[in-house]
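The values are calculated or read from the model by the stated rules, or taken from the named source; none is laboratory data. Here the structure is a predicted model, which means the values were calculated and not measured. Methodologically, a virtual Cβ is constructed for each residue, glycine included, from the backbone with ideal geometry; neighbour enumeration extends over all protein chains shown. Keep in mind that these areas ignore ligands, DNA and RNA; they rest on the heavy atoms of the full protein, side chains included. Shrake-Rupley method; radii C 1.70, N 1.55, O 1.52, S 1.80 Å.
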Amino acid sequence: MTNTQLTHVQIDNYGPWTVTPEPRREVDLQTLQSRLYADLSQLFGNRGGYVFFTRFDNMIAVSNGLTIEDHAMIQESVGNRYPVTMSLSVATGTTPAAALETATEQLQEAGSAQDKSRREVLEGRHIDTEFRTDEDVQIAHFDVVDATGKYTDKLSEFDTFIQIEQGYAALMKYMREAHEGLSFFVGGDNVIAVCPDMDAADYQDVVEHVHDDVGVELQVGVGRGSLAEEAGMAAKHALESSRANGTDVEVDF
Ligand SMILES: Nc1nc2c(ncn2[C@@H]2O[C@H](COP(=O)(O)OP(=O)(O)OP(=O)(O)O)[C@@H](O)[C@H]2O)c(=O)[nH]1
């Protein structure tokens, strides 16, 4: 059974900060956001976690293996080095969507994202070591079949972007609604999904749904592990098998 531990990361009072005392230069905001994402990717990633940038002012981490103390250290490190602070809320659930719902509720109960007095909230609990298993995290790595031949080498970069984003939009919606999985665009033509227990037939159905919906052809590799890093690496190898075998779906368990 999957037991995904997710962390909702939210920059504190960021909206007001971006316009106080007057609107800040957009290039500086873009630099801050991408540096914070890069730092969090290393801070969570060095402990086996994955971070997804979602909206940049809010991010989502798969944090299995990280304790609340690890989170406190990450929060302190960012607070010491950035002009903004961030709140962290950790939760687990029967599905990734359920875990994130709990994490977000904990944060919302602590105060608004634009509340001057709500700073560096650290809520929730991690999974105790004794309860960890190597089936806790299931990750699916989706990729557009021959994106280079069909789009990158044929269309303008913006028209390629539209095709990839439409595939992503259809995928993220269907995964969320039909399976309570959470899908994140990670660059190029790739989407990484954090999933509940799903089997090869479920993934075949997802790939077919996206094709019928928006005409984008996907292939997917799926892996499991006790940490995001292990599940994600197994998923990448499974995706390589799918490329080699010409199949839509390869599941590594
Ligand atoms: N984030 C991330 N991006 C990747 C990964 N693999 C490839 N990409 C990106 O995706 C782009 C397209 O590469 P591929 O998916 O290998 O190319 P393709 O033309 O779709 O060919 P096939 O996948 O073999 O059908 C690359 O230029 C990278 O930007 C990955 O594992 N992670």
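Observations on the model:
- Total formal charge among the other residues, if their Cβ is under 14 angstrom from that of E180, Lys/Arg +1 and Asp/Glu -1: -2
- The chain - percent of accessible surface contributed by carbon and sulfur, probe 1.4 Å: 48
- Contour minus Cα-Cα distance for M73 and D134 (0.36 nm per residue): 19.4 nm
- When you work out D = kT/(6 pi eta Rh) for segment 144-242 at 37 °C and 0.692 mPa s, using the Kirkwood radius from C-alpha pairs as Rh and the Stokes-Einstein form, the result is 236 µm²/s.
- For the chain, the Cβ-based charge dipole about the Cα centre amounts to some 960 debye (Lys, Arg positive; Asp, Glu negative; other atoms uncharged).
- From the alpha carbon centroid of segment 181-239 to that of segment 89-115 is 24 Å.
- Rolling a 1.4 Å probe across the protein heavy atoms gives the chain an accessible surface of 48 Å² per residue.
- Charge dipole of segment 137-251 (Cα centre as origin; +1 on each Lys and Arg Cβ, -1 on each Asp and Glu Cβ, all else neutral): 220 debye, rounded to the nearest 20.
- Lys, Arg +1 and Asp, Glu -1 on Cβ, resulting dipole of segment 4-131 about Cα centre, debye, nearest 20: 360
- The long axis of helix 228-245 is offset from the longest Cα principal axis of the chain by roughly 20 degrees.
- Of the trypsin sites (Lys or Arg not before Pro) found in segment 31-70, the ones in coil according to DSSP and having at most 15 other Cβ atoms within 10 Å of their Cβ are R55.
- All Cα-Cα separations within segment 59-134 were binned at 10 Å from zero, giving a P(r) of 18, 49, 28, 5, 0, each value a whole percent of the pairs.
- Each peptide in 103-116, 210-223, 8-21 receives the mean, over its residues, of other Cβ atoms within 10 Å, and ordering these scores from highest gives 210-223, 8-21, 103-116.
- With Cα atoms as the point set, the radius of gyration and Dmax of the chain evaluate to 18.7, 58 Å.
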